[in-house]
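Only one structure is covered here, and it is reproduced in the block below.
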Amino acid sequence: MTACVFFDPSDPVASQPAVRWAVRELRDALAARDVSVTLGEGSASESVRVLAAGSASAAARAVLAGARAAIPDAPEALGLVPGSLGGRKVTLACGSDARGLVYALLELADRVTHEEDPLRALVPTRPVVERPANAIRSVARFFTSEAWDKPWFHDRSFWRRYLTMLAAQRFNRFSLTLGLGYNAPRRVHDAYFFFSYPFLVVVPGYPVRVTGLSDAEREENLETLRFISDEATLRGLHFQLGLWTHAYVCLDSPEVSHVVEGLTPETHAPYCRDALRALLQACPGIAGITFRAHGESGIPERSYGFWETVFEGIAQCGRRVEIDLHTKGLDARTIQLALATGMPVNVSTKCWAEHMGLPYQQASIRPFEMPVELPPDDPIVLAGTPEDEYRRRILGDVRPGEQMALSSTLRGMRRFLRYGYGDLLTEDRRYGVFSRIWPGTQRVLLWGDPAMAAAYGRAAAFCGSLGLEVCEPLSFRGRMGSALPGDRDPYADATLKPAGGDWEKYLYTYRLWGRLLYNPDADPETWRRFLRSDLGSAAAPAEAALAHASRILPLVTTAHHPSASNNEYWPEIYTNVPIVDETRPHPYRDVPGSKRFEANTSLDPALFASIADFADEVLRGEASGRVSPLDVVQWLDALADAASRALAAAEACAGAAANPALRRLALDVEIQIGLGRFYARKLGAGVSHALFRRTRNRALLEEALSAYREARAAWAGLAKRARDAYAGDLTFGRAPALRGHWADRLADMDIDILDMERERADALPSSDARHVPALPGAPPRVECRHAPPASFRRGEPVALALEIVAVDGPAGAIEAEVRYRPVNQGEAYRVLKMVGEGRRLRATLPAAETDTPHPLQYFVVLRAAPEHAWLYPGFNAERSNQPYFVIRQG
């Protein structure tokens with residue numbers, strides 16, 4: 001078997017270094033399948049000829065014209081087109097730019113690797129033309145443990161394979177993140193790379209050193225960083241360096257591993273400026289810097305002089321470097337300081353707090369995160385932090401509220417930016433916005449749902465946003481000095497460990513994120529060929545099993561959220577929230593008021609009701625229309641059942657010959673099925689107990705106990721399944737909620753169940769208890785027709801029309817009200833009743849409410865009776881849609 005790959009050296013796209021590298025990758029993929037490859041025009045004897053070209057080149061235009069195909073004039077667009085050139089058949093691999101051509105060549109390499117006939121894989125049956133849906137498609141990898149992360153940091157073989165994989169899956173950005181080993185510079189043990197500069201560079205004029213760090217090790221660190229950034233650039237990846245901590249003093253840290261010496265408050269900012277400039281000049285492959293500019297960085301909020309000085313280091317480096325500002329506590333003045341450098345500026349928001357929820361931008365934030373109004377003479381309102389205050393605070397003499405003056409949950413004027421996009425999505429913004437999915441929901445178990453990944457690919461462009469950054473699986477492993485002897489691979493069973501390193505377990509996860517962020521409508525074959533080569537005949541049912549299982553924890557994350565902090569809430573290995581006695585110890589601190597299970601809110605309270613709210617609705621006989629906990633119970637049960645059926649089919653296909661990849665997948669799907677059944681039963685127990693607390697009805701208490709015992713049994717089953725497979729202490733931090741094993745969580749459940757059993761003494765028979773109305777059944781199924789306006793003009797009314805097309809089930813007159821607001825999470829929803837005749841309803845948003853710099857968003861509450869209400873558009877069957885409408889300004 002023979003093939004040739006050729007390009008025109010005068011083609012400005014095809015001659016780029018990244019394209020030359022991709023040509024070699026295709027050559028190597030063919031050689032691995034025993035195909036002899038010629039680089040160049042070759043001869044008439046080659047079975048298949050591949051032309052690599054920029055889409056604007058003469059040769060590409062000729063092939064495209066003959067095939068009646070066209071490549072979009074957009075960055076990173078690609079084409080794979082069968083055609084002819086000079087009377088000979090050829091496969092054109094082309095791109096609108098170098099990155100697009102790299103993707104085309106790597107797509108051919110992927111087909112060659114995974115399809116049965118490597119030569120046939122080079123010839124598409126029809127033209128393939130794609131363009132990216134998102135300008136930013138990023139993966140972040142965190143260095144948070146000296147013991148576990150230094151080995152991969154210095155492993156050049158790993159980096160070549162890892163970065164190649166990212167490029168092949170069409171990620172266009174990689175972020176190496178330093179300084180996130182701790183939430184703040186206090187009680188630090190492992191300080192390696194925490195304040196990063198002195199671990200990498202020597203800055204003339206500053207006598208700065210790190211205890212325990214030799215000159216040779218510092219030089220090796222810099223050389224490794226240069227290597228990583230250069231290798232990323234070679235593959236067409238934008239390399240972003242995250243510098244999340246700028247404190248040089250670690251407070252209350254007597255056991256800190258490394259101490260930075262030689263800095264003072266007076267030299268601190270100039271040193272950071274000059275060190276940053278030196279770092280950028282030493283590593284030309286660094287294309288951007290990410291800053292955490294709020295108080296957890298160690299720099300008191302509103303320290304504008306400090307950040308202005310640091311940003312000068314980028315302005316002085318002599319080339320274009322992106323500034324990315326993490327948005328917690330971010331204000332307009334800090335953004336303006338970044339813009340003043342003349343460099344491109346992006347701001348990166350958290351998506352679903354520090355976790356992963358359903359694939360849309362949440363419609364609301366929790367009430368206690370809304371902006372707080374302070375009097376004008378309040379010290380926090382004062383503009384800026386005077387230098388003497390900065391000096392005092394950087395050395396640890398901090399009064400309550402000062403370090404987090406903007407983002408404090410108690411009094412922060414910008415606290416609504418802690419966990420979302422806040423007010424940043426103005427139509428006239430001069431900065432880019434993208435979202436980051438924090439690694440709080442699923443850290444260990446395999447994730448892979450094409451429908452959800454595609455939906456995130458669509459949601460990432462919300463209101464003109466640039467895209468999405470996902471944090472790699474196993475993020476924060478060994479964080480806060482919690483690493484144990486051995487390596488960071490979580491398996492105890494050596495037969496489950498991937499041969500190429502822990503990250504190779506998640507190759508399917510990376511593939512789905514990268515391909516579907518690039519093109520949410522990608523051909524399923526792009527991931528199915530990988531599954532077939534990895535899992536054989538079990539591929540199709542295994543895909544379905546993992547997809548259903550992967551929807552469980554994001555649904556739980558959305559509907560039930562005891563803490564937005566990933567340091568407290570880890571739904572994958574959940575620390576129990578007590579249903580009965582809220583004084584029982586647990587780690588959840590960020591929700592004010594009751595700490596009982598029923599009081600835990602959703603991360604999107606406009607669309608999801610808490611257990612407490614739902615119980616009150618039942619007793620009043622008035623439904624809010626929000627998704628109820630019992631709806632979530634039904635969804636979780638359906639997902640667990642579907643995953644279980646598909647997994648049984650996959651295991652039947654494989655028989656006794658299941659390979660390690662299928663065994664890993666089956667194990668993690670089984671655990672996620674168990675999690676789905678646990679959360680369904682505990683939510684059900686919570687509803688029954690909440691109604692019992694309000695009525696003292698013994699029957700409800702018995703229902704709660706029965707469901708809770710079933711939940712406990714489900715957890716015990718998944719813990720047993722994981723016992724010998726995973727390490728007994730899966731450490732992602734020092735706190736008990738961030739480490740341990742599933743089996744460790746059973747004791748707290750047992751205590752809670754005993755507390756519930758003791759409540760029998762205060763229960764009343766049904767005849768003496770408060771009456772409980774029947775739980776509402778499903779509302780009538782109603783088909784609606786509504787077309788959102790294409791756009792609106794600021795300060796002018798917006799007319800909305802809704803038609804009730806069909807009703808399946810008993811329903812009288814249907815009422816509707818619009819809930820709307822600007823796309824600004826700091827503003828509450830307004831309510832407007834729809835009016836009309838029959839089933840044609842209308843409402844007009846008043847001009848005063850559209851006088852906003854933001855787009856508008858809205859949804860509709862439909863009501864057929866007091867106890868029957870629901871949301872429109874609501875969720876589709878996969879819960880992969882945006883459950884509200886958005887109108888952009890014209």
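The values are calculated or read from the model by the stated rules, or taken from the named source; none is laboratory data. Since we're looking at a predicted model, the values are computed, not measured. With ideal geometry, Cβ positions are generated from the backbone for all residues, glycine too; neighbour counts draw on all protein chains shown. SASA here: full protein model, heavy atoms, side chains in, ligands and nucleic acids out. Shrake-Rupley method; radii C 1.70, N 1.55, O 1.52, S 1.80 Å.
Observations on the structure shown:
- The stretch 605-721 - convex hull of alpha carbons, volume per residue in Å³: 113
- Cα gyration tensor, the stretch 694-747 - rounded (a/c under 1.5), prolate or oblate: oblate
- Compactness index (Cα Rg / 2.2 N^0.38 Å), the stretch 615-672: 1.78
- Percent of Cα pairs exceeding the 17 Å cut-off, where the set is the stretch 32-158: 63
- Solvent-accessible area per residue for the chain (1.4 angstrom probe, square angstrom): 36
- Size descriptors for the stretch 684-826: radius of gyration and Dmax over Cα atoms are 24.5, 64 Å.
- Volume per residue of the C-alpha convex hull in the stretch 280-331, rounded to whole Å³: 82
- For the stretch 184-305, the orientation-averaged shadow of the C-alpha convex hull comes to 7.6 nm² (one quarter of the hull surface).
- Electrostatic dipole magnitude of the stretch 609-760 [Cβ: Lys, Arg +1; Asp, Glu -1; Cα centre; debye, to 20]: 220
- Note on the chain: helix-only mean residue ellipticity at 222 nm, from DSSP H runs of 4+ residues weighted -39500 (n - 2.57) and normalised by residue number, equals -11000 deg cm²/dmol.
- The H on the amide N of I579, modeled in the peptide plane, is under 5 Å from the matching H of F597, each at least 5 residues off or on a different chain.
- Extension gain (nm, one decimal) between V835 and R333, 0.36 nm per residue minus Cα-Cα: 176.3 nm
- Annotation for the stretch 405-451: trypsin sites (Lys or Arg not before Pro) lying in DSSP loop with at most 11 further Cβ atoms inside 10 Å of their Cβ are R430.
- Pairs of Cα atoms nearer than 8 Å and 6+ residues apart set the relative contact order; for the chain it is 10 percent.
- Cleavage-rule hits (trypsin sites (Lys or Arg not before Pro)) in the stretch 544-623: DSSP loop, at most 14 neighbouring Cβ within 10 angstrom: R589
- Calculated FRET value between R430 and A74, using beta carbons and R₀ = 30 Å, to 0.05: 0.85
- For the stretch 145-220: relative contact order, % (alpha-carbon pairs under 8 angstrom, 6 or more apart): 23
- Each Lys and Arg Cβ is given +1 and each Asp and Glu Cβ -1; about its Cα centre, the stretch 797-859 then shows a dipole of about 20 debye.
- For the stretch 402-541, the spread of Cα positions along each principal axis, largest first, Å: 55, 44, 22
- Antiparallel content of DSSP bridges confined to the chain, in %, to 5: 45
- Hits among lysines - C-alpha to C-alpha of K89 under 29 Å, sequence gap 8 or more where chains match: none
- If you wrap the chain in the convex hull of its Cα atoms and look at it from every side, the mean projected area works out to 39.4 nm².
- Over 32 Å (Cα to Cα) - which of K595/K720; K150/K505; K505/K595; K682/K833 fall in this group: K505/K595; K682/K833
- Mean Kyte hydropathy of -1.0 or more with a Cα span along the axis of at least 27 Å, helices from DSSP in the chain: 215-234, 629-654, 660-695, 698-722
- Qualifying GluC sites (Glu not before Pro) in the stretch 72-174, where qualification requires a DSSP coil assignment and no more than 11 other C-beta atoms within 10 Å, comprise E116.
- Residue-by-residue Karplus 3J(HN,Hα) for the stretch 734-739, coefficients 6.51, -1.76, 1.60, Hz, glycine and proline x: 7, 5, x, 5, 10, 8
- As a length-normalised measure over Cα pairs under 8 Å and 6 or more apart, the relative contact order of the stretch 401-441 settles at 19 percent.
- Within the stretch 808-890, all pairs of alpha-carbon atoms sorted by distance into 10 Å bins from zero give the percentages 16, 43, 32, 9, 0.
- Rolling a 1.4 Å probe over the protein heavy atoms of the chain, with every protein chain left in place, gives an accessible area that is 52 percent carbon and sulfur.
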